[in-house]
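Asks: Mind looking over this structure? Questions follow.
Read the figures in this text as sums done on the coordinates, not as results from a lab. As the structure is a prediction and not an experimental result, all values here were calculated from the model. Cβ placement follows ideal geometry from the backbone for every residue including glycine, while neighbour counts extend to all protein chains displayed.
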Amino acid sequence: MANAEQSNDRMDIQQVRELVKLVEDSGIEELEVSHQDTTIRIQKSGRAVPGAMAMAPLPAPVAAPAAVAAPAHQAAPDPVRAKWREIRSPIVGTFYRSPAPDAEPFVKIGDQVSPGQTLCIVEAMKVMNEIESEFGGVIKDILVEDGQPIEAEAIMFLVDPS
């Protein structure tokens, strides 16, 4: 029961997506929602505003798809890689490997990770969202560069769960 109560106490990604859709489909230009200690602000604008673009489900700038595309060496099926699991971005934003520019990255290739361990930060609308591992394993590949724009559902990490 405690888990059900906790999930009701904070906004999940589906609720954020519904809010973005509401703003898109309506005539309103800006929406701000606060729930406990979380505030989400969605703003429509004709000019490029980094915070507004971070949550808008509009097509990314031309450079972004190439930035988050998986490397070409993954095109061929590899039996070893077939068992690796993907960790994807839950939101659109900017990918950061470390908590601060001068800090060590949360994880590096070859690191053992545990469920719940912070792997990176995805900044969306000036909110730093810590992305945690959903399972344990060894980081085999990091597919996104630090400071790079990232789409929702883009693969960030490949993890060998064995």
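Asks: Would you grab the residues whose amide H sits under 5 Å from the one on Met156? Only those 5+ places off in sequence or on another chain, please, with H modelled 1.01 Å from N.
Replies: It is Ile87, Arg88, Ser89, by chain and number.
Asks: First measure r as the distance between the Cβ atoms of Phe135 and Ala103, then evaluate 1/(1 + (r/R0)^6) with R0 = 35 Å and state the FRET efficiency to the nearest 0.05. Don't skip to the end; give the middle numbers.
Replies: Working: r = 25 Å, r/R0 = 0.71.
Given R0 = 35 Å and the Cβ-Cβ separation, E is 0.90.
Asks: Tally Lys and Arg at +1 and Asp and Glu at -1 over the other residues with C-beta under 11 Å from the C-beta of Asp160: what net charge comes out? Working shown, then result.
Replies: Values: positive: Arg81, Lys83, Arg85, Lys140; negative: Asp141.
Within the 11 Å Cβ shell, the charges total +3.
Asks: Hey, can you grab everything whose amide H is under 5 Å from the amide H of Phe106? Only 5+ residues off in sequence or another chain; H modelled, so Pro and N-termini drop out.
Replies: Ser98
Asks: For segment 18-29, what does the Karplus curve 6.51 cos²θ - 1.76 cosθ + 1.60, with θ = phi - 60°, yield as ³J(HN,Hα) per residue in whole Hz, taken in order and with x for Gly and Pro?
Replies: 5, 5, 4, 4, 4, 5, 4, 7, 9, x, 6, 9
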